[in-house]
Amino acid sequence: MTDRRTIRISTRKQPKQARSAGLVTAILDAAVQVLAREGAGRFTTARVAERAGVSVGSLYQYFPNKAAILFRLQCDEWRRTTALLRGVLEDGTKPPPDRLRALVHAFILSECEEAAIRGALADAAPLYRDAPEVREAKSSDDDIFHAFLAEALPGVAEETRRSAGAMIGTTLGALGERFSQQSRSPAEIEAFSTTMADMFCAYLASLPAGSPAPRAGRRDGVPRVTPPTGPACR
């Protein structure tokens, strides 16, 4: 049995020609389809290759195993979501309260739109969650989150900001995941997002300078995305 602590999840080589890039795209598109249809338990390189219309040998030129494919899908999902959230957080034309509301709405909508693939990737996380590449992929988000909290909570102690951010991130991720497990209408998504945004605004606005915020516990496994934290609504 392969030891997941040492399993290789990096791609073997990067495509340098258009044809090679097209092959990798076809493999990843097929992987999404297989994962959404079969789930993590029945996800194999053979099924992906068959779906993509390529040989298993061609697939192995770029991905050494199924964990490498799944990790690449997870990284792509992290990058898409982080780019979306970063755009919201860095929009200096809007005050922090408006950015918080936009953040919550964007995150919940994204959760609902990609619920099937996100759930399957969460199930597959044990294959790669201990790999050093995971820590590297997540570490780049920290600076933007901390900078936003500093803007949103001026005068509040650093420890309090970090605790508040962890609380919001954990709550947003957990409730968003649960909410998206069922098909939701646009009206339901709007109502749920508004309620969550109101709750976060009230919570952050209640934090006086220097007060300790409750500590959020860590969830097992690798989080699909660490949502950025929002500003106080004052």
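Some notes on this structure:
- Each residue was assigned an accessible area with a 1.4 Å probe, and for Ser183 the value is about 120 Å².
- The listed peptides 43-53, 83-93, ordered by packing as a protection proxy, come out as 43-53, 83-93 (highest mean of other Cβ atoms within 10 Å first).
- In the range 79-133, the inverse of the mean reciprocal separation of distinct Cα atoms equals 12.9 Å; this is its Kirkwood hydrodynamic radius.
- Tyr203 exposes around 50 Å² of accessible area when a 1.4 Å probe is run over every protein chain in place.
- Portion, in percent, of the accessible area of the range 144-210 that falls on carbon or sulfur, probe 1.4 Å: 58
The values are calculated or read from the model by the stated rules, or taken from the named source; none is laboratory data. Quick caveat, the model's predicted, so the values are computed rather than measured. Every residue, glycine as well, gets a Cβ built from its backbone with ideal geometry; the counts of neighbours run over all protein chains shown. Heads up: the accessible areas ignore ligands, DNA and RNA and are worked out on the full protein's heavy atoms, side chains in. Shrake-Rupley method; radii C 1.70, N 1.55, O 1.52, S 1.80 Å.
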